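The values are calculated or read from the model by the stated rules, or taken from the named source; none is laboratory data. Since the structure is predicted, the reported quantities are computational estimates derived from the model, not experimental observations. Here Cβ is always computed from backbone atoms with ideal geometry, including for glycine, and neighbour counts include all displayed protein chains. Just the protein is used for accessible areas: all its heavy atoms, side chains included, with ligands, DNA and RNA removed. Shrake-Rupley method; radii C 1.70, N 1.55, O 1.52, S 1.80 Å.
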Amino acid sequence: MSADLSDLQIVLAVAKAKGFREAARLTGSSPSRLSDAVRRAETALGIRLFHRTTRAVTLTRAGEALVARLSPALAEVESALDAVNGFKDRPAGTLRLNVPVSASRLVLPSILPDFLKAYPEIRVEITADSAVTNILAAGYDAGIRYDERLEQDMIAVPIGPREQRFALVASPDYLARCGTPEHPRDLLDHACIYGRFTNGNLAVWEFEKGEELIRIEPHGPLEVSIGGGVDLGVDAARQGVGLIMLFEQWLRPDLESGALMPVLEPWWPRFSGPYLYYADRRLVPAPLRAFIDFIRDRD
């Protein structure tokens, strides 16, 4: 006996959400309905897919093996269905994107509203995080990343500004109390507000001027997670806790208002803008194709 496709989709949803309640919230269903679907799938397959306790729902080894193959397979099924939608007068379907928090704040706001107005039958799901995610294994259609983080065997399309800078800033109060650094090495004697990636790596600060490149491991009173904790770090910088280094575009409103002041601006490093990337496959889902064409037409 084979499991029903819709039940397998629910198995995948529960596995991704790591629980029935969260999966129900994300899918707009109920935990009991999802639990029934998982039981049907397990009965049809003749094997247990999840360990269930009152505290957690985790995949069995058989469940892990199934989900590893199921996620890309179902993504291809959805791509095939989206390809059929491409023959309609207007593309329809769901576009799933995995993007860094910086892109959700600095890139997509100037693109996504106009895209959704142009394609009202397309629904967009955005997951914003700072982890380097395998978009195919996780069931996404595409992702946004900076070039040093692009996955292999992917097609990359420029999206957003093509050059950006990291800016080092501090509040007028902090600079009045602690002085203004005149060289990147002076930061070793200053309070820094710095970030750490989800993999545990510290975000090193880099500075460049002419041929000179300097890397600093910042230290100070506040460490935040790259992504979700950045706004807290910026707020702390406004209140004089220390210096912070971040996308210039993110800090632009505070620089223009005077809440934060530029520090070591001749040393601010430049880097290339982000890319939309997706798998090199024959069938590109219609919503993704529409999005690719939309951003290319804006250039």
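Residues 213, 175, 168, 187: which one is assigned to a strand (DSSP E or B) and within 16 Å of residue 243 (Cα to Cα)?
The conditions single out 168.
Can you pull out every residue in the range 230-255 that is in a loop (DSSP other than H, G, I, E, B) and surrounded by fewer than 17 Cβ atoms within 10 Å (Cβ to Cβ)?
Taking the range 230-255 as the starting set, the residues that turn out to be in a loop (DSSP other than H, G, I, E, B) are 239-242.
239, 240 - these are the residues of the range 230-255 that are in a loop (DSSP other than H, G, I, E, B) and surrounded by fewer than 17 Cβ atoms within 10 Å (Cβ to Cβ).
Which residues, taken from the range 160-174, are at pLDDT 95 or above and open to solvent by less than 30 Å² (accessible area, probe 1.4 Å)?
167, 168, 169, 170, 171, 174 - these are the residues of the range 160-174 that are at pLDDT 95 or above and open to solvent by less than 30 Å² (accessible area, probe 1.4 Å).
To keep it simple, each residue is scored yes or no on (1) farther than 23 Å from residue 241 by Cα; (2) open to solvent by 30 Å² or more (accessible area, probe 1.4 Å).
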{"site": "260", "(1), (2)": "no, no"}
{"site": "270", "(1), (2)": "yes, yes"}
{"site": "273", "(1), (2)": "yes, no"}
{"site": "292", "(1), (2)": "yes, no"}
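Name the residues in the range 90-123 that are of a type in the set (S, T, N, Q), part of a helix (DSSP H, G or I) and open to solvent by less than 30 Å² (accessible area, probe 1.4 Å), would you? Break it down stepwise before answering.
The initial filter retains those residues of the range 90-123 that are of a type in the set (S, T, N, Q), namely 94, 98, 102, 104, 110.
If we keep only those that are part of a helix (DSSP H, G or I) too, we end up with 102, 104, 110.
Once the filter is applied, which keeps residues that are of a type in the set (S, T, N, Q), part of a helix (DSSP H, G or I) and open to solvent by less than 30 Å² (accessible area, probe 1.4 Å), the range 90-123 yields only 102.
Quick one: would you say residue 147 is open to solvent by 30 Å² or more (accessible area, probe 1.4 Å) and acidic (Asp, Glu)?
Yes; evaluated as a whole, the condition is true for this residue.
Pairs, please: C-beta under 8 Å, at least 6 apart or cross-chain, first residue over 22 Å from residue 175 (Cβ atoms) and in the range 189-217, second open to solvent by 70 Å² or more (accessible area, probe 1.4 Å) and not in a strand (DSSP E or B)?
These pairs meet every condition: 199/132; 202/217; 204/217.
Could you identify the single residue in 135, 122, 144 that is within 23 Å of residue 201 (Cα to Cα) and either in contact with a Cys (Cβ under 6 Å, 6 or more places away or on another chain) or modelled with pLDDT of 90 or more (or both)?
Result: 144 is the single residue among 135, 122, 144 that is within 23 Å of residue 201 (Cα to Cα) and either in contact with a Cys (Cβ under 6 Å, 6 or more places away or on another chain) or modelled with pLDDT of 90 or more (or both).
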